[in-house]
Every structure is written in C-alpha cells, then in structure tokens.
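Q: Could you have a look at this structure, given as structure tokens, before my questions?
The values are calculated or read from the model by the stated rules, or taken from the named source; none is laboratory data. All figures in this text were calculated on a predicted structure; none of them were measured in a lab. Cβ placement follows ideal geometry from the backbone for every residue including glycine, while neighbour counts extend to all protein chains displayed. The accessibility values were calculated without ligands, DNA or RNA, using every heavy atom of the protein model including side chains. Shrake-Rupley method; radii C 1.70, N 1.55, O 1.52, S 1.80 Å.
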Amino acid sequence: MKEIRYFYVPDAPHQSELPDEEAVHAVRVLRMAPGDEMMLMDGQGSFYQAKVTLATQKRCLYEIVESLPQERQWQGCVHLAIAPTKLMDRMEWLVEKATEVGLDALTFLNCQFSERQTVKLPRVEKIVVSAVKQSRKAYMPELSDMTPFKTFIEQHKEGRRYIAHCYDEVPRVNLFDELRKGDSDEDALVMIGPEGDFSIDEVRMAVEAGFVSVDLGKSRLRTETAGLSAVMMMQLAKQC
C-alpha cells in the first residue's frame with residue numbers, strides 16, 4: 001500500500017493549492033500525479049484527506065475529500081523558553097526533537113550571559129514544519145523571537161513556571177518531582193539559560209516573580225540537552 005504523504009497547508013479548507021515549497025516537494029521529489037492521495041495539516045488541529053487534481057513542474061492543486069478534526073494529545077500548554085547557543089545547529093537539533101516530543105510554545109531568551117542575540121526565525125519555522133509533519137502533530141507550536149529576560153518574566157505570570165539553573169545558593173527542587181505534584185492539565189513553562197547559565201541576579205529576579213527554582217537531575221547538561229530534557233519531563237508528567 002502506497003504511503004500517504006503529509007503536507008502543511010495553513011487554512012487548508014479555504015485553499016486549493018499547496019504552498020510553493022510543499023508543491024515542489026510533492027511534484028518534483030515525490031512525483032505525485034492527479035488522483036494521488038495526500039493528507040493536509042493546517043497546524044490548528046485538523047487533518048484533511050485530499051487528492052491531487054493538477055500537478056505541473058511548480059504547482060500542485062488539490063481537492064479535499066474529508067475533514068478529520070484531531071483531539072489534542074495533551075491538555076495545557078507546554079512552553080520552553082531558552083537562550084540559544086552560539087552554534088545554531090545545536091538549537092536547530094533541539095527545535096526538531098522538542099517538536100517531535102510535543103511542544104506548544106517556544107521562546108528564545110536574551111539573557112545577561114547569552115552567546116547569541118539573534119536567530120533566523122524563518123529557518124526555525126521550516127524546521128518546526130518538517131518536525132510536525134514527521135511526527136504527525138495536529139497543532140503547530142507557537143514561535144517567539146528573541147525576548148529580553150526581564151520582559152519575558154514580566155509577561156508570564158500565570159500557570160506553573162520554572163527556572164532551571166545550577167546555583168547552589170538558590171535552593172532548587174527537582175523539576176519532574178514538582179511537575180508530578182500538580183494538575184497535569186495546567187500550563188507549564190520552563191526557562192533554560194545559556195551555556196554560562198543565567199546570572200544569579202536573573203535567577204533571583206525570576207524567583208521573586210513567582211518562578212520555581214529547579215534542577216533537571218544530577219548531571220550537568222548542555223543548553224540544548226537541558227531544553228529537550230525539560231520538554232520530555234513536561235510531557236511525561238502530563239501522561240502520568
């Protein structure tokens with residue numbers, strides 16, 4: 001049986017043509033032809049069974065056969081806020097894997113010890129789209145560009161909020177233990193600092209704003225590993 005291919009098409013029911021990049025992949029790489037079946041994803045909670053009606057060198061038109069609303073795989077928002085590493089390929093790896101595991105929101109933080117102050121968000125978005133299709137996620141994570149640390153903690157005052165760090169002078173509890181204590185349907189947000197960690201002043205500022213000071217276990221982790229670990233803990237806690 002021929003594998004059904006998935007394509008990301010925002011507002012799919014009100015369109016009749018794949019976006020340019022998706023069309024090129026469909027007709028040039030996959031060599032799809034009229035009559036071939038495909039599955040469309042709108043990133044807002046629905047899949048659409050469709051078939052190709054026209055395929056040219058650069059265009060791929062479709063018609064929807066059936067709408068397939070998807071149930072959420074978990075309740076509450078899973079939000080990771082992280083200071084990007086100097087080497088962006090490590091962040092791109094994190095973005096891909098965290099999306100596959102399950103993520104609702106990703107924010108890039110600009111901290112006192114940040115190694116990078118800018119990110120190319122369009123490239124990150126492409127990685128997210130690819131990971132969403134690969135993992136068959138019905139919802140597209142929300143991406144936020146570089147945000148100053150102080151601005152971020154002032155903007156987020158609701159839900160379960162955590163800051164992971166390595167300072168012994170600020171008491172910490174284990175993130176997973178804390179996550180399992182509360183309601184699995186609550187929103188959860190974890191902040192991960194740069195390779196040099198948050199500054200001690202940033203940690204204290206976050207704690208004063210209501211964030212819980214946490215660790216991710218006994219191992220000292222790289223930024224991208226810590227970010228993925230935090231997402232996995234949030235997801236595991238929601239499934240317990």
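Q: Please calculate how many Å² of accessible area the chain carries per residue, with a 1.4 Å probe and no DNA, RNA or ligand atoms counted.
A: 52
Q: Leaving out ligands, DNA and RNA, what percent of the accessible area of region 9-75 is carbon and sulfur, probe 1.4 Å?
A: 44
Q: Got a sec? Charge dipole of the chain, +1 on Cβ for Lys and Arg, -1 for Asp and Glu; which of 110, 164, 130 is way out at the positive end?
A: 130
Q: Can I ask one more? So what J values fall out for region 101-110 if you push phi through Karplus, 6.51 cos²θ - 1.76 cosθ + 1.60 with θ = phi - 60°, rounded to Hz, Gly and Pro as x?
A: These are the phi-based 3J(HN,Hα) values: 5, x, 9, 9, 8, 9, 10, 8, 9, 9 Hz.
Q: For residue 204, what is the net charge nearby, where nearby means another residue's Cβ is under 14 Å from its Cβ and Lys, Arg count +1, Asp, Glu -1?
A: Net charge around residue 204: -4.
Q: Let me ask something else about it. If each residue of separation counts as 0.36 nm, what is the full-extension length gain between residue 207 and residue 222 once their alpha-carbon separation is subtracted?
A: 3.2 nm
Q: Per DSSP helix of 4 or more residues, -39500 (n - 2.57); summed, then divided by the residues of the chain. What does that give at 222 nm, rounded to the nearest 500?
A: -9000 deg cm²/dmol
Q: Using +1 on the beta carbon of Lys and Arg, -1 on that of Asp and Glu, and nothing else charged, what's the dipole of the chain about the Cα centre, debye to 20?
A: 640
Q: Can I ask one more? Taking the chain as the reference, fit the longest principal axis to its C-alpha atoms, fit the long axis of helix 223-239 to the helix C-alpha atoms, and give the angle between the two in degrees, 0 to 90, nearest 10.
A: So the helix axis and the longest Cα principal axis differ by about 80 degrees.
Q: For region 82-240, what class follows from the C-alpha gyration tensor (a ≥ b ≥ c being the square roots of its eigenvalues): rounded when a/c is under 1.5, otherwise prolate if a/b is larger than b/c, else oblate?
A: oblate
Q: If you don't mind, another one. Just to be sure I understand: of the beta bridges DSSP finds with both ends in the chain, what percent are antiparallel, rounded to 5?
A: 35
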